[in-house]
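The values are calculated or read from the model by the stated rules, or taken from the named source; none is laboratory data. Keep in mind it's a predicted model, so treat the numbers as computed, not measured. Glycine also receives a Cβ, built like all others from the backbone with ideal geometry; neighbour counts cover every protein chain displayed.
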Amino acid sequence: MPLAEFSDRFPHAVRGLLRARQRQRLAHAYLFAGDSPEILEQFATAWLQVCACQTPTDSGDACDACTACRQVADGCYPGLVCVRPVSRSRMIVLAQIRPAPHDKQTALSQRLYPPDQSLIYRLNLSISPGTMRLALVQDADRMTPESENSFLKTLEEPLPRTVIVLTSTQPKLLLPTIRSRCQIVTLLCNRRTYDFPVECGLFPLLGRLRPGTGASVALDVSGRIRELFAQLRARAEERIGGLDDDRWNVVAAGNAELKKHLEEERKTRLEAEYVRLRTVLLDAVETWFQQLSALVAGIPVTELPHPEIIENAGVTADELTAIPWDQVEKCCRLVAELLRDLRSNVHEGLALQAFCLSVCEKAL
């Protein structure tokens, strides 16, 4: 899509980028930071179209009709390499940034992330005249420390006709040296939506999860949230299945090694998608308790960032404001511990059950 379609929402960013394109003063690296991964991806794709377009408009925008524009939109532009979190822990691993060394310890990594598909390898390939080297690193804050250090070398010594775009909803997690080498473009919507958690029925469960309600409530709520997580896995399975290319199954017929590689890759993509969906629900859990603390501190429900989630929970503000402040503080600490435990691959069910029991325990 043309970048101008974002003019109403991000006028200064669009104007500045198109002016740079008109003057042929493109930076070699951009960091698009915002609060909506979907908007960041769409904006990044539109900007890469601008960089690659063969017949730009008078304003410098992409024509959205030439071969290069269509190829970028479809993800098949010859000079484009895309990197996103796909490991089971939803991280960007080192092998996605540079070719992994050829030794036994990295045999699995080499199958999942072929060396000729890594970012550095692809960016160093020769390009035909008129072609740009383009890279898109989505959720760049999910790079491992090793990935960041390797990626930093690419930013320090960019090749000619290269534009690298990073997107992140948590840019402060990136190395300062990476941020300093990028032109940072802020794309804040300043409004999150919780349609997906509402659709899953999460907030009525959180409305029951209050201090002093006891173990029976805690166990019931934790069990139901685990059922939601199971539904997320089914959603992830459905989405990943929809992305499968049946032609690979034909190619892999009779090739046990290739079949094994395809299955390993599919499992990795499935786990990454599940973790992504689960993170959306966990963010909603964190927001719920943050709003609870604001209510108890005396903020009127109408002035909360997301009063709609209180309404969706089926509880009144009076019920929530009756919770003692020290108990609310404890709940916020418990949420932080839950998120940390799940990121550390602690057993999901046990961590969730322990969290709910600790929130609902009755005071002695």
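Table for the structure above
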item: Any hit, region 150-172, residues being without any contact (Cβ under 8 Å) to a residue 40 or more places away in the chain, assigned by TED's automatic domain parsing to the domain that holds C82 and among the hydrophobic types (A, V, I, L, M, F, W, C); result: yes
item: Qualifying residue in region 102-120 (condition: out of contact with any Asp or Glu (no Cβ under 9 Å at 6 or more places or on another chain), surrounded by fewer than 19 Cβ atoms within 10 Å (Cβ to Cβ) and either at pLDDT 90 or above or assigned by TED's automatic domain parsing to the domain that holds E263 (or both)); result: yes
item: Which numbered condition Y77 fails, given (1) in a loop (DSSP other than H, G, I, E, B); (2) over 20 Å from V137 (Cα atoms); (3) without any contact (Cβ under 8 Å) to a residue 60 or more places away in the chain; result: (2)
item: From the options A284, A317, A272, residue that is free of Cβ contacts under 8 Å to residues at least 60 places away in the same chain and out of contact with any strand residue (DSSP E or B) (no Cβ under 7 Å at 6 or more places or on another chain); result: A317
item: Residue selected from region 5-42 under the condition under 24 Å from the mean Cα position of the chain (by Cα) and acidic (D, E), by the criterion surrounded by the fewest Cβ atoms within 10 Å (Cβ to Cβ); result: E38
item: Matching residues in region 118-144 - criterion: being under 11 Å from Q96 (Cβ atoms) and touching a residue at least 24 places away in the same chain (Cβ under 8 Å); result: L119, I120, R122, V137, R142, M143, T144
item: Boolean, A68 is within 22 Å of the chain's Cα centre (by Cα) and in a helix (DSSP H, G or I); result: no
item: Residues located in region 36-56, provided they are without any contact (Cβ under 8 Å) to a residue 24 or more places away in the chain and either among the polar types (S, T, N, Q) or in contact with a Cys (Cβ under 9 Å, 6 or more places away or on another chain) (or both); result: C53, T55
item: Some residue of region 158-166 being within 14 Å of G34 (Cβ to Cβ) and buried (at least 16 other Cβ atoms within 10 Å of the Cβ); result: yes
item: Counted residues, region 128-151 - those being part of a helix (DSSP H, G or I) and either of a type in the set (K, R) or surrounded by 15 or more Cβ atoms within 10 Å (Cβ to Cβ) (or both); result: 8
item: Hits in region 43-79 - residues which are surrounded by fewer than 23 Cβ atoms within 10 Å (Cβ to Cβ) and of a type in the set (A, V, I, L, M); result: A44, A65, A73
item: Single residue of region 312-364 satisfying the filter (under 12 Å from P211 (Cβ atoms) and among the polar types (S, T, N, Q)) that is nearest to the chain's Cα centre (by Cα); result: S358
item: Test: P2 is modelled with pLDDT of 90 or more, buried (at least 19 other Cβ atoms within 10 Å of the Cβ), over 30 Å from P145 (Cα atoms) and not hydrophobic (A, V, I, L, M, F, W, C); result: no
item: Flag if E199 is within 17 Å of the chain's Cα centre (by Cα) and either part of a helix (DSSP H, G or I) or at pLDDT below 90 (or both); result: no
item: Test: residue in region 319-340 that is touching a helix residue (DSSP H, G or I) at 6+ places or on another chain (Cβ under 6 Å) and among the acidic types (D, E); result: no
item: Check on L282, crowded, with 17+ Cβ neighbours inside 10 Å, among the aliphatic types (A, V, I, L, M) and assigned by TED's automatic domain parsing to the domain that holds G223; result: yes
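Conditions (1) modelled with pLDDT of 90 or more; (2) under 25 Å from L277 (Cα atoms); (3) of a type outside the set (A, V, I, L, M, F, W, C); (4) surrounded by 17 or more Cβ atoms within 10 Å (Cβ to Cβ), marked per residue:
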site: P211; (1), (2), (3), (4): yes, no, yes, yes
site: S216; (1), (2), (3), (4): yes, no, yes, no
site: L219; (1), (2), (3), (4): yes, yes, no, no
site: F229; (1), (2), (3), (4): yes, yes, no, yes
site: R239; (1), (2), (3), (4): no, yes, yes, no
site: L243; (1), (2), (3), (4): no, yes, no, no
site: V250; (1), (2), (3), (4): no, no, no, no
site: A256; (1), (2), (3), (4): no, no, no, no
site: K260; (1), (2), (3), (4): no, no, yes, no
